[in-house]
Amino acid sequence: MKIIVGGQAILGETGGVGVYTQSLIQELAKDANISELRILANNRLWHLSEIDPHGKPDSDPSQTPMDLLKKIMPSGVKQFVGRRLREHRLSQSDGFLLHETNHLLLQRFQPAIVTIHDLSCLLYPEFHPPARAKIFTQHLRTTAQRAAHIITVSNTVRTEVINHFGLSEQDVTAIPLATSHLAARSNVTPPKPETPYFLVVGALEPRKNIGLILDAILSLSRRNIEVKVVHVGPPGWANQNIMARLKWAQERGLWDELGVVTPAHLSALYSSATALLYPSVYEGFGLPPFEAKAYGCPVVLSDIPVFRELHKEGVVWVSGRDFEELAEAMAQLLSDHDEASRLGLAAQNGSNRVSWRETAKATVAVYKQFYPQ
């Protein structure tokens, strides 16, 4: 089979979709069923030989006149030109199947498969920058209609996609993600906070419910319970309403802001954290809880359908709307070391055993159903 993978998500800071795309490319490159693999990124097609060992396109130092022109184009014109460039590249790719890994099919090509990770832009548009929410509102339904098949990363999202777009059961396949990209530990132990701490991993954005965590910290502080939270991840968006509380917590040594860290550093933080705090309002999958559990780190999760589907052991369940409930869960983990240890062991025993090889194998099985004969 000859496959084109949409790889725009692996450029820049790598979030959950980027990790998925990068890991999938690495595994597809080793699959005997695939005779040719190309990556669609930056409006051009990359051959596998141009991809670095981490699954990313090597930098292209050449600056064409079109590259220079795009820098001064209005965003709407730039999107139109980019779509036309992608369609031109794809028109020269007879006999290929396209797999777009990041929600949207913005160009015409058949057959095409798309991975929809969640419906947050449709269900919670207020959680996203307006431009992003507008693009998803305009194009996600067209994507669902145009795709030969849809892949989701959980059964919860599969059900949401089927119901929202009026699709049949056979139109959508759920293929879970893996977490092995942090498995290799470094011989160098990165610095960790000296005092007990809770870990928060992900962008500072509304869906992650950071305001609830900050309110829980304030509640514990008023009860004279010593607490520290360490945040790892990019700055995020639409978070102006939490900045005052975040500054207050940082000034009092209750919140450490580390930004984006290396996988080895993140592994060390997971290994020593009291628990991961992940009280999201909505998720399609959520990699950090699985990463944490692989290192024996208990997870505090909001009681939402996707987490109930995916997590059985090593979890403390809380309401995503009650900061006092979260504060109480944190206080219990700090005071009851035996229970925290039991949860950590249960978390590690119940951690995700799916590998990226298995994720890729299930994905290739979908390709085979729709590959042009």
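The values are calculated or read from the model by the stated rules, or taken from the named source; none is laboratory data. Computed from a predicted structure; not experimentally measured. Don't worry about glycine lacking a Cβ; one is built from the backbone with ideal geometry, like all the others, and counts go over all protein chains shown. When the accessible area is computed, the model is the full protein with side chains, heavy atoms only, and any ligands, DNA or RNA have been set aside. Shrake-Rupley method; radii C 1.70, N 1.55, O 1.52, S 1.80 Å.
Qualifying GluC sites (Glu not before Pro) in region 217-274, where qualification requires a DSSP coil assignment and no more than 16 other C-beta atoms within 10 Å, comprise Glu226. The shape of region 126-165 comes out oblate: with a ≥ b ≥ c from the C-alpha gyration tensor, a/c is at least 1.5 while a/b does not beat b/c. Heavy-atom accessible surface of Met1, to the nearest 10 Å², is about 40 Å², with a 1.4 Å probe and all protein chains retained. Site pair Asp322 and Gln373 shows an inter-label distance of 5.7 nm when each label is modelled 7 Å from Cα along Cα→Cβ. Cα gyration tensor of region 276-339, axes a ≥ b ≥ c as square roots of the eigenvalues: rounded (a/c below 1.5), prolate (a/b > b/c) or oblate? Taking the square roots of the gyration eigenvalues as a ≥ b ≥ c, region 276-339 is oblate.
Between the DSSP loop rule and a limit of at most 13 other Cβ atoms within 10 Å, which trypsin sites (Lys or Arg not before Pro) in region 344-373 are left?
Of the trypsin sites (Lys or Arg not before Pro), the ones in loops of region 344-373 whose Cβ has at most 13 other Cβ atoms within 10 Å are Arg353.
Remark: region 290-373 carries 49 Å² of accessible area per residue (probe radius 1.4 Å; ligands, DNA and RNA excluded). Filter the cross-link list Lys2/Lys30; Lys30/Lys361; Lys134/Lys208 down to pairs whose alpha-carbon distance in this structure exceeds 18 Å. Pairs exceeding 18 Å: Lys134/Lys208.
Its relative contact order, with pairs defined as Cα atoms under 8 Å and 6+ residues apart, puts region 250-304 at 37 percent. Once backbone amide H atoms are built at 1.01 Å from N, Thr173 has Ile150, Ile151, Thr152 as its partners under 5 Å, excluding neighbours fewer than 5 places away on the same chain. Applying 1/(1 + (r/R0)^6) with R0 = 22 Å to the Cβ-Cβ distance of Arg252 and His337 gives a FRET efficiency near 0.35.
Average projection, convex hull of the Cα set of region 252-373: 10.0 square nanometres. Label zone of Leu48 (point 7 Å out along Cα→Cβ, amide N under 14 Å): in region 1-37 this covers 1-5, 24-37.
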